[in-house]
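The values are calculated or read from the model by the stated rules, or taken from the named source; none is laboratory data. Source: prediction; values computed, not measured. Cβ sites come from the backbone with ideal geometry, for glycine too, and all protein chains shown count toward neighbours. Each accessible area value is taken on the protein alone, full model and side chains, heavy atoms only, with ligands, DNA and RNA left out. Shrake-Rupley method; radii C 1.70, N 1.55, O 1.52, S 1.80 Å.
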Amino acid sequence: MELAQHRVMENGVGEEMDGETSARVPLRERRVYPAHPSGLVRKRAYIFDCMGNFYHKDWDLADLFLKEEKESGVGEGRGNEFSWYHVELPKGNQKLSQSAQDLIGVFCPPLKLQDILSLVSNGPFCAHVDGALVFRVNSPGPPSSDFTFRIAARVTEHSVITVSLGRVPRLGFSRVGESLLSEIPSVESFSPLRGQQQERTVIKEHVLEFLLTMNHSEEADNPVPRSVSNLVVHIIDTHVDQIQDLVTKLEMELDSVELDLDKGGYALKKQMLDDRRFPKLHINLQRLLQVIAHGEQVYLRVKEKCSSKRWFASDDLNSLEELIGRLRRLKENVGFIVNRVTAIQAGLDSWQSEQINRKLYYLSFLSIIFLPLSIITGVFGMNVGGVPWTGQNAPELKDGFRNVILLCVAMLFLVLLCFIFPALYTRIAASWRNKRAMGRSWSLNRKSLLRRSLRIGEQERGGYLRI
């Protein structure tokens, strides 16, 4: 409470000073600060007293930057307070330029366009921008996808600005006592002893399933950071937890899918093949692997750059190293999931091939039955003379059927030669090539022999030998 009153007094003094000096400031230097962001952007601000306490505050980012500039010019420190400003971009099908416009409406002023672009652009990034450490892990892809992760931060000695795509679990802070995990639970039942269960919290089945997919606590159980380095580690930790939650959810879904496939079911397998579920999941897993690789690369550079900061604690550097190790283990787990998805897809493909082969077997069985019938109908349906059992005994037409049968036998013999004895053609072609090659080599040897005999004759006549 003392910290909150102190902040109110500072804001009051600041307003009085602004009122006194408003006449001295030229009109071109007066700026209008936007009151609300555009679109569905959510924003929140915290202030920490480095004693394990935090308070919600107004969005006074412009005033904070002005105070930092004044204190840096005077050379005095800001004390032990530090602030955190967080913005949640809507997780919808919007373009990257729209996200940049939303951030401009929230952060400008005091941030510059260079700061906005470094926070909202795609790809991994870690560098110093305008005196602040900026890092981001923004994966390309549709913003509405569950496999698209975007987290960016701008860190100074007394303030942290973060931008995320959608809500990140356990990123914020809430008061102690509001956590569901700290309650004594009970399951829904129709027991007549209701008086003994009045003080317990009834947990629904779907809530319990959701909590089982979480690998972390709730916001009320978060330890309040006591320094900027603690806050940076907390932000990176929540990002890793978000990825791990998705990996755990994928593992549970794959377990249920494998159980369903073991039980069988033509309709389920046919639907999975028609929806192309596992090829799409394979693409999303490759995107998730890219996010993890980018995070490992960026957080390693953050650790290297923060090691030279005097306000970044050594314990927090060790925590960053542990988070990087968690990302490496997550990469291995995602690799195992990719192998499982590939195995399931291979099983579905083999099942589909088996179904196709079974249908082809039925078709071939039908063709075996109807092939003799088609031959008989074709033979006795020919429009020629001399067909047996038809009464066509005219002398001029009696050889027509015999000639057609001979022609069919000759064509059948030719087809059998082409398909049953392909080695005959290969041997004939190979013997012809060998004969031609031998004739060519004989002509070359003959020419070389004639040339050699001419050279020997020139030597005997006293000529010179050409070297």
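With both labels modelled 7 Å from their Cα along Cα-to-Cβ, the Gln297 to Leu113 distance reads 2.7 nm. Here the simple spin-label model places points 7 Å from the Cα toward Cβ, and for Ile283 and Ala423 these points are separated by 4.9 nm.
Here region 335-373 and region 252-282 have alpha carbon centers that stand 17 Å from each other.
Note on Arg328 and Leu254: the model spin-label points, each 7 Å out from Cα along the C-beta direction, lie 2.2 nm apart. Segment Glu321..Val404, full-extension length gain: 21.1 nm, with 0.36 nm per residue of separation and the alpha-carbon distance subtracted.
Which length gain, in nm to one decimal place, applies between Val384 and Glu354 when the Cα-Cα distance is subtracted from 0.36 nm times their residue separation? Contour length minus the Cα-Cα distance gives 6.2 nm. Under the shape rule built on the C-alpha gyration tensor, where the axes satisfy a ≥ b ≥ c, region 79-127 is prolate, since a/c reaches at least 1.5 and a/b is greater than b/c. Here the calculated FRET efficiency for Ala62 and Asp274, from their Cβ-Cβ distance with R0 = 45 Å, stands at 0.25, rounded to the nearest 0.05.
Calculated FRET efficiency, Trp311 to Ala346, Cβ-Cβ distance, R0 = 51 Å: about 0.45 to the nearest 0.05. The value of relative contact order for region 244-363, using C-alpha pairs under 8 Å at least six residues apart, is 38 percent. Per-residue accessible area (protein heavy atoms, 1.4 Å probe) orders Asp245, Asp130 as Asp130, Asp245, starting from the largest.
Rounded, prolate or oblate, given the Cα gyration tensor of region 252-401, with a/c below 1.5 counting as rounded? Prolate is the answer for region 252-401, as a/c is 1.5 or above and a/b outweighs b/c.
Ranked by the mean number of other Cβ atoms within 10 Å of their residues, highest first, the peptides 152-163, 373-384, 320-331, 133-144 fall in the order 152-163, 133-144, 320-331, 373-384.
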